[in-house]
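Reading through the structure tokens given below for one structure.
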Amino acid sequence: DAGVIQSPRHEVTEMGQEVTLRCKPISGHNSLFWYRQTMMRGLELLIYFNNNVPIDDSGMPEDRFSAKMPNASFSTLKIQPSEPRDSAVYFCASSFNTYTEAFFGQGTRLTVV
Amino acid sequence: AQKVTQAQTEISVVEKEDVTLDCVYETRDTTYYLFWYKQPPSGELVFLIRRNSFDEQNEISGRYSWNFQKSTSSFNFTITASQVVDSAVYFCALSEVGSARQLTFGSGTQLTVLP
């Protein structure tokens, strides 16, 4: 299996622009997680899906963030409008279920200038 | 609420030394899972081990070993005969079966192994 695939690997955008991060989970995994990693806050769970349904989005910082999972093989995390404080590495991870080990993608390094 | 504490922010050892990374967790659930992940300088997060709350047997995998003690709510990770390639940030994580909030990570321990 190719593992969790995220795109793009790097994104530089101007403040106010819309940013869309993409994730393809491992085939057969039922749970998908979006994390954000910063020096100040470490690894934060933003949202997770189980069987394509959002279960807990309490980690989403504000309404500028939204996530979708239209099918079992694709998810997006959108930031609109983006702000410099959104600069971070965003990880997508998938697991067989919500409490087995999660496998992470390589991350998207987002820089908002 | 679940919580994971990794009190050691940074550890530096010389190659071939043994090193133990501490992890203390808090949970109200009786059924939960504990994990260790490694994040090398390249940035990816690599799964190392999962342990469930009913299995307190220690585990050894090559130079890696894990000590799970429910009495002290700890899940410590020991690297024996450390190598330079072990240099990374190591994260402990907790997942409660009964909670909607999953995979809470500790703040990580930066391990540097010097040649």
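We did not get these values from a lab; they are worked out from the coordinates using the rules stated. This one's a predicted model, so the numbers in the text were calculated from it and none came from an experiment. Positions of Cβ are backbone-derived with ideal geometry, glycine not excepted, and every protein chain shown enters the neighbour counts.
Please enumerate, by chain and number, the lysines with C-alpha under 30 Å from the C-alpha of A:Lys24, excluding those fewer than 8 residues away in the same chain.
List returned: A:Lys68, A:Lys78, B:Lys3, B:Lys38.
Express in whole angstrom the spacing between the alpha-carbon centres of region A:5-75 and region B:13-38.
With region A:5-75 and region B:13-38 each reduced to a Cα centre, they are spaced 26 Å.
Set the Förster distance to 25 Å, then compute FRET efficiency between A:Glu83 and B:Arg28 from the Cβ-Cβ distance, nearest 0.05.
Rounded to the nearest 0.05, the efficiency is 0.10.
Cut-off is 10 Å between beta-carbons; in what order do B:Asp55, B:Asp22 appear when sorted fewest neighbours first?
Placing the least packed residue first, the sequence is B:Asp55, B:Asp22.
Subtracting the Cα-Cα distance from 0.36 nm times the residue separation, let me have the gained length for B:Val84 to B:Val97 in nm, one decimal.
1.1 nm
Cut-off is 10 Å between beta-carbons; in what order do B:Glu17, A:Glu11 appear when sorted fewest neighbours first?
Ordered by Cβ neighbours within 10 Å, fewest first: B:Glu17, A:Glu11.
Out of region B:21-115, which GluC sites (Glu not before Pro) are coil in DSSP terms and have no more than 14 other C-beta atoms within 10 Å?
In loop regions of region B:21-115 (DSSP not H, G, I, E or B), the sparsely surrounded GluC sites (Glu not before Pro) are B:Glu56.
Report, in cubic angstrom per residue, the convex hull volume of the C-alpha atoms of the protein assembly as shown.
Given the Cα convex hull of the protein assembly as shown, per-residue volume reads 124 Å³.
Calculate the dipole size of chain B relative to its Cα centre from +1 charges on Lys and Arg beta carbons and -1 charges on Asp and Glu beta carbons; express the result in debye to the nearest 20.
With Lys and Arg at +1 and Asp and Glu at -1, about 240 debye.
Listing B:Arg63, A:Arg109 from the residue with the fewest other Cβ atoms within 10 Å to the one with the most, what is the order?
Result, fewest neighbours first: B:Arg63, A:Arg109.
Suppose every Lys and Arg Cβ carries +1 and every Asp and Glu Cβ carries -1, with no other charges. What dipole size does region B:25-85 come out with about its Cα centre, to the nearest 20 debye?
Roughly 80 debye for region B:25-85.
What does the convex hull of the alpha-carbon atoms of chain A project to on average, in nm²?
Mean shadow area of the hull around the Cα atoms is 6.4 nm².
How large is ³J(HN,Hα), in whole Hz, for each residue of region A:55-60 in order, when computed from phi with the Karplus curve 6.51 cos²θ - 1.76 cosθ + 1.60 and θ = phi - 60°, using x for Gly and Pro?
9, 9, 10, 5, x, 5
What share of all Cα pairs of region B:40-111, in percent, falls into each consecutive 5 Å distance bin?
Spelled out bin by bin, region B:40-111 gives 3, 13, 23, 25, 20, 11, 4, 1 percent.
If you put +1 on each Lys and Arg Cβ and -1 on each Asp and Glu Cβ, how big is the dipole of the protein assembly as shown around its Cα centre, in Debye rounded to 20?
So the dipole magnitude of the protein assembly as shown works out to roughly 320 debye.
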